[in-house]
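A.B. asks: Sharing a structure here in structure tokens format.
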Amino acid sequence: MTEGTSVYWETFARRTLSRRRALTGAALATAGAAVAVACGPRSKGGGGQTARSSGAAGSDAAAAAIIGKEWNTSPGTPKYGGSISHAPTAPPLANLDPILSASAMVHQVASNAYSKLMRVSRKNDDLNTQVLYPDLATSWETASPTTWTFHLRPGVKFQNVPPTNGRPLTAEDIKYSILRSGTDKTSQLRGGFVNLDTIEIPDPQTLTLKLKRFDSLLFNNLAGHYAWVVPHELVEGPGLKNNMVGSGPFIFQNWEQDSQLTFKKNPDYYLKGIPFVDELKILQIGSQDDRIAALRSDRVLSQDQMFPSVYNSVKGDSHLQSQKYIVVSPRVLFMNYKEPLFQDDRVRKAISLAIDPNAIIKIENEGEGLWRGVISNQIAGWSLSQDELKSKDYFLRQDVTEAKQLMAAAGHADGFQSELLYNTSYPDFYKNNAQYLQQALAAINIKVNLVGQEQTAFRKNQDDHNYKGFIYGLDGEGFSEAYLLDYRSDGPKNGSGISMKSLDDQIDQVLTTPDETERKAKAKDLTRQILKQVLWKVEFDDDLQYVISQSWGKNWMAPSPQVYNTTGLAFTWIDKS
């Protein structure tokens with residue numbers, strides 16, 4: 001890597017990722033051994049050091065020597081063996097193929113069996129500051145904003161089980177997986193690759209991405225949940241709906257549907273000495289009360305998105321530890337773009353004015369939260385201020401009188417009847433919010449019939465825009481600019497079905513701006529335009545919540561909010577002494 005390229009990439013990463021800290025190949029080259037981070041052996045010329053092998057119980061290797069300082073939160077010598085159970089907050093799971101869903105659970109599961117070019121985590125003392133780590137790629141450079149070259153870790157193999165039987169993983173496999181996510185007609189992730197032009201493979205250990213134009217999100221998507229590397233043999237053979245075979249730290253064993261998934265340690269994982277535990281179980285516990293009970297009874301490692309009252313009830317327990325953070329509330333109100341009634345912006349504005357965000361925050365998070373407008377507050381610097389969001393410039397504030405005036409001006413003084421689809425697989429506050437929305441809309445003579453559906457059918461109807469009137473649906477993204485994609489025609493969580501070329505073009509103008517300061521300014525300007533027009537979607541809030549985990553789960557790092565992985569489980573060990 002030339003000096004000029006290194007400087008360019010460091011500048012690019014800094015501008016692209018904002019507070020999401022980038023431990024890229026170039027950054028690592030300057031940081032040296034202090035950030036050997038969970039990336040094991042480096043390719044020649046990468047700088048840094050090789051992680052020491054420690055594959056057997058009783059090893060005296062310190063944790064930092066095995067996994068690197070940046071991933072290490074627990075000092076001392078790690079212990080090997082045992083079984084960890086983890087119960088994600090979003091347990092419904094239709095199948096195991098990660099391109100068929102943009103929902104959290106399938107990707108949290110996938111992160112244990114599959115790998116990708118990079119992985120995203122966060123600072124060990126701050127869930128709201130993201131960090132990008134090398135994974136299959138150990139270094140990379142860019143010749144221009146539209147040409148990115150990745151150098152792959154040597155010696156990586158798929159897991160030694162059928163149908164791959166431990167064969168080498170090459171650049172062709174990564175290309176195959178990226179194109180499957182980006183072009184397969186069944187993929188719910190296609191919108192993340194709209195600016196990818198071609199993929200070239202100069203040799204089996206090198207991958208070059210050519211972009212149609214610079215895309216600030218593509219790099220993050222490659223580190224997020226958009227490009228798990230899957231073997232073509234699995235796709236062309238038994239399929240991925242009930243199987244997982246990758247190159248990740250754990251080997252999939254079985255799935256007891258609606259109950260649990262079981263994995264065992266991958267002894268050939270390319271980060272030697274990882275994982276620390278022999279067995280991993282991902283439990284599907286639908287009730288939040290049952291998940292909290294499992295945490296209290298020492299059955300599961302951790303729970304995130306815990307309410308303030310739960311934190312207050314356990315904060316004196318020496319067996320549990322906690323961390324507070326901002327997380328987007330992904331529950332939003334979509335209006336079906338196909339319905340003529342909602343083409344009148346006066347109707348959309350009236351609907352927004354009928355609802356009180358503070359009432360939503362009180363119902364779903366005991367009153368602790370922030371107002372949200374398009375882009376979440378969970379990563380600082382991208383959202384509008386609370387004062388601006390609450391101003392009369394927009395329609396997030398509740399004003400029933402003004403809402404009625406707008407309805408009358410639109411010719412609907414007597415209101416209308418409609419439906420509101422909601423998810424019955426989520427906690428009670430979800431239905432309570434749906435009932436509140438029904439009540440709030442009734443105040444401006446909109447009479448909605450609540451229609452409940454379980455998660456799988458509900459999510460499919462949101463993705464297909466197959467509902468009448470309203471859906472109390474889901475968005476939520478791990479990266480700031482990605483929230484704009486939910487307003488794009490092919491966005492992964494475009495629950496309204498909005499399709500406006502002019503808006504698509506404006507979103508693209510933001511995402512293709514290389515300078516981060518300029519990109520932030522454009523994102524805020526577009527946010528203002530969206531909020532002033534209430535473009536078929538009403539966002540409500542971000543929540544102040546807690547991650548609570550067992551004190552025996554050493555080195556456990558819960559993922560950043562809305563980052564769909566549980567990669568940290570491979571770096572966690574058990575110590576109940």
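The values are calculated or read from the model by the stated rules, or taken from the named source; none is laboratory data. Predicted model only: the values in this text are computed from it and were never measured. We place every Cβ from the backbone using ideal geometry, glycine too, and count neighbours over all the protein chains shown.
A.B. asks: Determine if region 401-410 includes at least one residue that is within 30 Å of Gln453 (Cα to Cα), out of contact with any Lys or Arg (no Cβ under 7 Å at 6 or more places or on another chain) and modelled with pLDDT of 95 or more.
C.D. replies: Taking region 401-410 first, the residues within 30 Å of Gln453 (Cα to Cα) are 403, 407.
Right, trim to out of contact with any Lys or Arg (no Cβ under 7 Å at 6 or more places or on another chain) and you get 403, 407.
Cutting the leftovers down to modelled with pLDDT of 95 or more gives us 403, 407.
Yes, there is a match, as at least one residue in region 401-410 is within 30 Å of Gln453 (Cα to Cα), out of contact with any Lys or Arg (no Cβ under 7 Å at 6 or more places or on another chain) and modelled with pLDDT of 95 or more.
A.B. asks: Quick check on this structure: which one of Ala403, Ala413 is buried (at least 16 other Cβ atoms within 10 Å of the Cβ), over 28 Å from the mean Cα position of the chain (by Cα) and among the small types (Gly, Ala, Ser)?
C.D. replies: On the way: Ala413 fails: buried (at least 16 other Cβ atoms within 10 Å of the Cβ).
After applying the criteria, what remains is Ala403.
A.B. asks: May I ask you to list the residues in region 110-136 that are touching an Asp or Glu at 6+ places or on another chain (Cβ under 9 Å) and among the β-branched types (Val, Ile, Thr)?
C.D. replies: Val131
A.B. asks: Now for a separate question. Does Gly192 satisfy the criteria of being outside any loop (DSSP other than H, G, I, E, B), among the small types (Gly, Ala, Ser) and free of Cβ contacts under 8 Å to residues at least 60 places away in the same chain? Let's see the steps before the verdict.
C.D. replies: Working: outside any loop (DSSP other than H, G, I, E, B): yes; among the small types (Gly, Ala, Ser): yes; free of Cβ contacts under 8 Å to residues at least 60 places away in the same chain: no.
When the stated conditions are applied, Gly192 does not pass them.
A.B. asks: Here is a follow-up. Pull up region 477-528, narrow it to residues that are under 20 Å from the mean Cα position of the chain (by Cα) and of a type in the set (Asp, Glu), then point me to the one that is nearest to Met335 (Cα to Cα).
C.D. replies: The residue in question is Asp486.
A.B. asks: Mind listing whichever residues of region 466-501 are assigned to a helix (DSSP H, G or I) and out of contact with any strand residue (DSSP E or B) (no Cβ under 8 Å at 6 or more places or on another chain)?
C.D. replies: Here is the first cut: in region 466-501, the ones assigned to a helix (DSSP H, G or I) are 482-485, 501.
Across region 466-501, the qualifying residues are Ala482, Leu485, Lys501.
A.B. asks: A follow-up question, please. Restricting to region 416-431, give me the number of residues that are over 30 Å from the mean Cα position of the chain (by Cα) and either of a type in the set (Gly, Ala, Ser) or in a helix (DSSP H, G or I) (or both). Walk me through how you get there before you give the answer.
C.D. replies: Taking region 416-431 and keeping what is over 30 Å from the mean Cα position of the chain (by Cα), we get 416-418.
Adding the requirement that they be either of a type in the set (Gly, Ala, Ser) or in a helix (DSSP H, G or I) (or both) leaves 418.
Adding up the residues that qualify gives 1.
A.B. asks: Now for a separate question. Can you name every residue in region 439-475 that is buried (at least 18 other Cβ atoms within 10 Å of the Cβ), farther than 19 Å from Lys537 by Cα and among the β-branched types (Val, Ile, Thr)?
C.D. replies: If the condition is that a residue be buried (at least 18 other Cβ atoms within 10 Å of the Cβ), farther than 19 Å from Lys537 by Cα and among the β-branched types (Val, Ile, Thr), then no residue fits.
A.B. asks: Ok, one more. I need a count of the residues in region 541-571 that are within 30 Å of Leu531 (Cα to Cα) and in a strand (DSSP E or B).
C.D. replies: First, the residues of region 541-571 that are within 30 Å of Leu531 (Cα to Cα): 541-546, 559-564.
Restricting the remaining residues to those that are in a strand (DSSP E or B) gives 541-546.
Number of matching residues: 6.
A.B. asks: Here is a follow-up. Six or more apart or on different chains, Cβ under 6 Å: which pairs go from a residue in region 305-327 that's touching a residue at least 60 places away in the same chain (Cβ under 8 Å) to one that's among the charged types (D, E, K, R) and crowded, with 20+ Cβ neighbours inside 10 Å? Could you list them?
C.D. replies: Hits for this filter: Ile326/Asp542; Val327/Asp543.
A.B. asks: Which residue, of Ile363, Ile326, Ile379, is in contact with a Phe, Trp or Tyr (Cβ under 9 Å, 6 or more places away or on another chain), closer than 24 Å to Arg519 by Cβ and modelled with pLDDT under 95?
C.D. replies: Numbers: Ile363 fails: closer than 24 Å to Arg519 by Cβ; Ile326 fails: in contact with a Phe, Trp or Tyr (Cβ under 9 Å, 6 or more places away or on another chain).
Unique residue meeting the criteria: Ile379.
A.B. asks: Check whether at least one residue in region 108-128 is under 30 Å from Glu256 (Cβ atoms), at pLDDT 95 or above and out of contact with any Ser or Thr (no Cβ under 9 Å at 6 or more places or on another chain), and report yes or no.
C.D. replies: Yes: region 108-128 contains one or more residues that are under 30 Å from Glu256 (Cβ atoms), at pLDDT 95 or above and out of contact with any Ser or Thr (no Cβ under 9 Å at 6 or more places or on another chain).
A.B. asks: May I pose another question? Give the residues of region 115-163 that are in contact (Cβ under 8 Å) with a residue 24 or more places away in the chain, among the small types (Gly, Ala, Ser) and more than 15 Å from Ala223 (Cβ to Cβ), sorted by residue number.
C.D. replies: Result: Ala143, Gly155.
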